[in-house]
Amino acid sequence: MSSGIRFDGVTVAYDGNVVLDALDLTVAPGEVMALLGPSGSGKTTALRAVAGFVRPAAGRVFLGDRDVTGLPPHRRGIGMVVQQYALFPHMRVEDNVAFGLKARKVARVEIRQRVAEALEMTGMAAYARRYPRELSGGQQQRVAIARALAIRPEVLLLDEPLSALDARLRSGMLAELARLHRELPDVSILYVTHDQVEALTLADRIAVMDRARLQACGTPRELYRAPANEFTASFVGNANLLPVTVASSGVSFGGTELKVDTGEAARGASATLCVRPHLVGLGSGPNQLAGTVREIQWRGATHRLYVDVGGHQVMADVRELKDPPAHGGAVTLHFAPEDAVLLPIGVTP
C-alpha cells in the first residue's frame with residue numbers, strides 16, 4: 001500500500017443530520033495535514049471515516065490507491081492515537097506497545113525488535129517495565145504514540161492527542177511530534193485539533209473546518225497571511241476584521257480612507273479588511289486610525305491594546321510599553337498597506 005489519504009466527496013450523516021458535508025481533501029504521502037476547527041465542525045468525523053469507525057453516507061475514502069470505504073478498521077493498517085491514550089492499565093509499557101503486533105500475529109522475535117525500536121524513537125525505552133499508572137501524562141502520551149508506530153503504519157491518525165496535557169508538556173510534545181515526523185518522512189499524518197498553535201507549529205498544510213464543511217486549505221503561512229474568508233482569518237491566528245467599502249485608491253473605513261490593495265474588487269463594494277494585531281503599530285504612520293483605549297493586557301514581551309475606533313474594536317500587539325496609555329485615553333494606530341488583506345463578504349467554499 002502506498003501512503004496518503006484521499007477524501008472523495010465524503011458525507012457522513014446521523015439520523016439525517018449532516019456532520020460532514022461532501023469533503024474533498026488529499027493528504028500527500030509523508031505530509032502532516034491538520035484538521036483545524038471548533039467543536040462540531042466535522043474534523044473528528046473526518047478522521048473517524050479514515051479509521052473506519054463511521055461509514056460515509058456518500059463518497060469514498062482512499063488510503064494510497066486502495067478504496068477502504070467498506071473495510072473494517074483492523075484491515076486498514078493505520079496507527080491511531082486518541083485524546084485519552086487508551087492504554088491498558090494492567091499491562092506494562094512494553095506489552096501495551098506490543099498489543100497491535102500480537103493481534104497481527106507478528107513473530108515474537110520481531111515483536112521484541114519493533115517494541116524496542118518504537119520505545120527508543122519516543123524516548124520511553126527506560127520505562128518499558130512500568131505500568132501506565134506509574135507514568136506522567138506526557139509519558140503516557142509517548143507510549144500511545146509508540147504503540148501506534150510499532151505496527152509501522154503508513155498512515156497515522158492523531159485525534160486531539162495533546163488536549164489532556166498542560167501547556168509545558170504540550171509544548172514539549174509538539175517538539176517531539178515534529179522530530180518524529182522528520183524521522184518518519186514517509187508516514188502520512190492526519191492531525192485533528194482545535195488549537196491553532198498546534199496546527200501552525202506542526203502541519204505542512206491545514207484544512208480549516210466549520211459547520212461540517214471544508215472552509216479553506218493551505219500551508220500555515222498561506223492561511224495566516226492570505227486567508228480565503230472571514231472564518232479562516234479569525235480562526236487561524238487573531239485578526240482585526242474591519243467592515244470597509246472599496247474606494248478609488250483603497251477602502252473607506254467609517255469615513256477614513258485607507259490605502260490597501262483592492263485587487264479586482266469593484267468600487268463601492270462592501271468587503272472586510274483583515275489586519276493581524278502584531279502588524280498594527282502605536283503612533284503616527286501610514287493608514288492611521290484614531291481611537292480610545294478600552295483595555296490593556298500585559299503579555300510579558302508585549303502589550304495588547306483593545307482600541308475603540310468608530311464603534312469597532314481594533315487589537316494592537318505592541319512591544320512592551322514602559323508607559324502604556326491610560327484606559328479611556330486617545331491613541332493613534334497605524335498599519336502598512338501591504339499588511340492588510342481584503343476579504344469579500346460572505347465567501348465560503
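Values in this text are rule-based calculations from the coordinates and carry no lab data. Computed from a predicted structure; not experimentally measured. Cβ coordinates were reconstructed from backbone atoms using ideal geometry, including for glycine residues, and neighbour counts include every protein chain displayed.
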Pairwise label distance in nanometres, ASP67 with ASP308, each label 7 Å out on the Cα-Cβ vector: 6.1
Reach of LYS102 by Cα under 13 Å, taken over aspartates and glutamates that are not fewer than 8 positions away in the same chain: GLU94, GLU110
Value of relative contact order over the range 6-126, rounded to a whole percent, pairs C-alpha under 8 Å and six or more apart: 20
Bridge type composition, the chain - antiparallel percent by DSSP, nearest 5: 75
Evaluated at q = 0.22, 0.28 Å⁻¹: base-10 log I(q)/I(0), Debye formula over Cα of the range 127-175: -0.88, -1.15
Amide H partners (placed H, <5 Å) of MET209, local residues excluded: LEU36, GLY37, GLN215
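To the nearest 500 deg cm²/dmol, what mean residue ellipticity at 222 nm is calculated for the chain from DSSP H runs of n ≥ 4 alone, each contributing -39,500 (n - 2.57), summed and divided by the residues?
So the helix-based figure for the chain works out to -7000 deg cm²/dmol.
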Gyration tensor verdict on the range 63-188 (Cα atoms; rounded if a/c is under 1.5, prolate if a/b is larger than b/c, oblate otherwise): oblate
Prolate/oblate/rounded label for the range 192-239 (Cα gyration tensor, a/c 1.5): rounded
For the chain: span of alpha carbons on each principal axis (Å, largest first): 74, 48, 35
Directionally averaged projected area (convex hull, Cα atoms, the range 32-105), nm²: 6.8
Label point distance in nm, ASP15-ALA326, each placed 7 Å from Cα along Cα→Cβ: 5.8
Calculated FRET efficiency for the pair ALA57/GLU117, C-beta based, R₀ 56 Å, to 0.05: 0.90
Three-way shape call for the range 65-124 based on the alpha-carbon gyration tensor, with the a/c threshold at 1.5: prolate
When the range 238-344 is reduced to its Cα atoms, the Kirkwood hydrodynamic radius in Å: 14.0
Sorted largest first, extent of the range 304-343 alpha carbons per principal axis (Å): 33, 24, 13
Part-to-part distance (alpha-carbon centres) for the range 306-321 and the range 239-266, which is given in Å: 19
LEU20 long-range amide H proximity, modeled H, under 5 Å: VAL12
Sum of side-chain charges, VAL246 neighbourhood, beta-carbon under 12 Å (Lys, Arg +1; Asp, Glu -1): -2
